[in-house]
Amino acid sequence: MKTYRLEQPGSIDGFVIREEAMPEPGPGQVLVRIRATAFNFRDTYVYKGWIPGAKADVVPLTDAAGEIAEIGRDVRRFKVGDRVMNYYFANWIGGPFNFSPEQYTVHQDGWLTEYKVVDAEALLPMPENLSFEEGASLVCAGTTAWSALRGVGAGDTVLTLGSGGVSLFAIQFAKAMGARVIATTSNAEKGARLTELGADQVLDYKTNPEWGEQAKALTGGRGVDRVIEVGGAATMPQSIKAVASAGQVSLVGILGGIEGAVDYMAMFASQARYQAIPTGSRSDLEEALRVVRQHDIHPVIDSTFDFDDAKAAMTHFENGRPFGKVVIRH
Ligand SMILES: NC(=O)c1ccc[n+]([C@@H]2O[C@H](COP(=O)([O-])OP(=O)(O)OC[C@H]3O[C@@H](n4cnc5c(N)ncnc54)[C@H](OP(=O)(O)O)[C@@H]3O)[C@@H](O)[C@H]2O)c1
């Protein structure tokens, strides 16, 4: 079977394709024929070698969907032929985040390979309404958006930042839950697509540096109930301005970089909650998938590449300004 490995961290050229022996499932394990994988912002950190303590010679990508090809002894959760997807961590079934999760591409190999053996508990059945490409797209970004929205209800206002993977899922889930969405982007064409996806108002964060104030004004001065904060310290000052008293800023990402300070008094004065989001557990993704089924939500896919073109897919993901997930068909 063919598998990608990061032989030399630093650039995309560090990835090689190797021919490796087919793995065999042990007791409680299954062999998955992977059919699709999807990229996240974090995957660029992996190949650059920026993840401390990451496994050497690692197989990239955390998000996958496929079919059960073989089952090991004592597996009752799945049968051969079942369509499955993974969840983001290999060992966080539910409950509070416990700080010792097994993470693909850090502690163990990821999914950019033709076949992979995992514990049957590391997989979920994939909703019938999704293709493999759509299933893979949901794993990290979909779970994170769902976790970041937890508690949002009909009539609430949600503010999303930019048109990355997490933000697009946040728009889709928030609309399914009956919330109003204010979205930001730096690009007018993407703005039109955010509106098509369901955003009620779109603000350009490049031409309107006070987009947080503007979002608050759009709520009649009350503020938004939830901010899906993917920008980090660079965008926090505006997120703090946008959030309503007793609202929540869900701390998700660092798209604006890791440098910068946050004004403690501004946070205090906002009287809002600031909640860090660690992606989510298997049970968080299970909840999200119920909504995906019920509302027939389909992830936005920007482009699909063949397995042998994975490096071109990574380049496109990083430099091609995609709108939606960049997916690899295996
Ligand atoms: N905590 C967690 O569990 C978790 C899970 C998943 C992701 N994350 C993090 O969340 C962030 C988003 O991930 P992703 O996969 O959705 O990223 P992505 O798909 O790579 O997002 C790219 C988009 O982000 C927008 N963007 C870039 N810089 C921005 C800024 N300064 N302000 C507002 N928008 C900006 C741009 O939108 P426009 O082109 O529309 O301007 C860009 O197209 C990343 O930092 C990622 O590491 C965290």
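The values are calculated or read from the model by the stated rules, or taken from the named source; none is laboratory data. Everything quoted here is computed from the prediction, not taken from an experiment. Counting neighbours? That spans all protein chains shown, and the Cβs are built from the backbone with ideal geometry, glycine included. With ligands, DNA and RNA removed, areas are computed over all heavy atoms of the protein, side chains included. Shrake-Rupley method; radii C 1.70, N 1.55, O 1.52, S 1.80 Å.
Could you tell me which numbered condition Trp50 fails, if it satisfies all but one of (1) of a type in the set (A, V, I, L, M, F, W, C); (2) surrounded by fewer than 16 Cβ atoms within 10 Å (Cβ to Cβ); (3) more than 21 Å from Tyr88 (Cβ to Cβ)?
Of everything listed in (1) of a type in the set (A, V, I, L, M, F, W, C); (2) surrounded by fewer than 16 Cβ atoms within 10 Å (Cβ to Cβ); (3) more than 21 Å from Tyr88 (Cβ to Cβ), Trp50 misses just condition (3).
Taking into account only those residues within segment 150-205 that are among the hydroxyl-bearing types (Ser, Thr, Tyr) and touching a residue at least 40 places away in the same chain (Cβ under 8 Å), which is farthest from the ligand (Cβ to nearest atom)?
Looking at residues that are among the hydroxyl-bearing types (Ser, Thr, Tyr) and touching a residue at least 40 places away in the same chain (Cβ under 8 Å), I get Thr157.
Could you list, in sequence order, the residues of segment 253-299 that are over 23 Å from Tyr45 (Cα atoms), within 19 Å of the chain's Cα centre (by Cα) and among the polar types (S, T, N, Q)?
Listed by number, the residues that qualify are Gln275, Ser283.
Taking the options Ala141, Ala136, name whichever one is within 11 Å of the ligand (Cβ to nearest atom), crowded, with 24+ Cβ neighbours inside 10 Å and not in a strand (DSSP E or B).
Ala141
In segment 206-230, which residue that is within 13 Å of the ligand (Cβ to nearest atom) and surrounded by fewer than 22 Cβ atoms within 10 Å (Cβ to Cβ) is nearest to the chain's Cα centre (by Cα)?
Lys206
For segment 231-248, enumerate the residues that are away from the ligand (no atom under 12 Å from the Cβ) and either among the aliphatic types (A, V, I, L, M) or touching a Phe, Trp or Tyr at 6+ places or on another chain (Cβ under 7 Å) (or both).
Ile240, Ala242, Val243, Ala244, Ala246
Could you tell me which numbered condition Val80 fails, if it satisfies all but one of (1) under 20 Å from Ala145 (Cβ atoms); (2) open to solvent by 60 Å² or more (accessible area, probe 1.4 Å)?
(1)
Which of the residues spanning segment 237-296 are basic (Lys, Arg) and open to solvent by 80 Å² or more (accessible area, probe 1.4 Å)?
Arg273, Arg290, Arg293
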